[in-house]
1. Just the residues that are more than 22 Å from ALA14 (Cα to Cα) and not in a helix (DSSP H, G or I), please, taken from the stretch 32-58.
2. Just checking, which of ALA23, ALA65 is assigned to a loop (DSSP other than H, G, I, E, B) and under 12 Å from the mean Cα position of the chain (by Cα)?
3. Tally the residues that are β-branched (Val, Ile, Thr), without any contact (Cβ under 8 Å) to a residue 40 or more places away in the chain and surrounded by 13 or more Cβ atoms within 10 Å (Cβ to Cβ), restricting the search to the stretch 9-25.
4. What is the residue count in the stretch 26-69 for residues that are in contact with a Leu (Cβ under 7 Å, 6 or more places away or on another chain) and either touching a residue at least 60 places away in the same chain (Cβ under 8 Å) or loosely packed, with under 14 Cβ neighbours inside 10 Å (or both)?
5. Residues ALA14, ALA33: which one is farther than 15 Å from VAL74 by Cβ and touching an Asp or Glu at 6+ places or on another chain (Cβ under 9 Å)?
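Computed from the coordinates by the stated procedures, all read-outs in this text should not be read as laboratory data. Only a predicted model underlies this, so the values are computations on that prediction, with no experimental measurement involved. Please note: Cβ atoms are built from the backbone with ideal geometry, for glycine as well, and neighbour counts cover all protein chains shown.
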Amino acid sequence: MAATILQVKVKPRARVSGLAQAADGTWVATLKAPPVDGKANTELVGLVAQKFQCPKTAVTIKAGASGRTKLVMVEESS
């Protein structure tokens, strides 16, 4: 089972939610949810799962759970 590690910069409290790749290879996630009680992290996991067409259980925040820059692992089933 292969895994992909993404570096994601999170911008909470945005008007619309979205996930896009920047020119330098990092990802930028705009989230409607505030960074309170893990709501932004939950929304981020859902966005990444939707973008990579995998279940939410295949997406894990490996580092930076309380910061704006996070390392997110996406497990790809073969």
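1. At the first step, the residues of the stretch 32-58 found to be more than 22 Å from ALA14 (Cα to Cα) are 53-55, 57-58.
Across the stretch 32-58, the qualifying residues are GLN53, CYS54, PRO55.
2. The unique qualifying residue is ALA65.
3. 0
4. Count: 2.
5. Residue meeting the stated conditions: ALA33.
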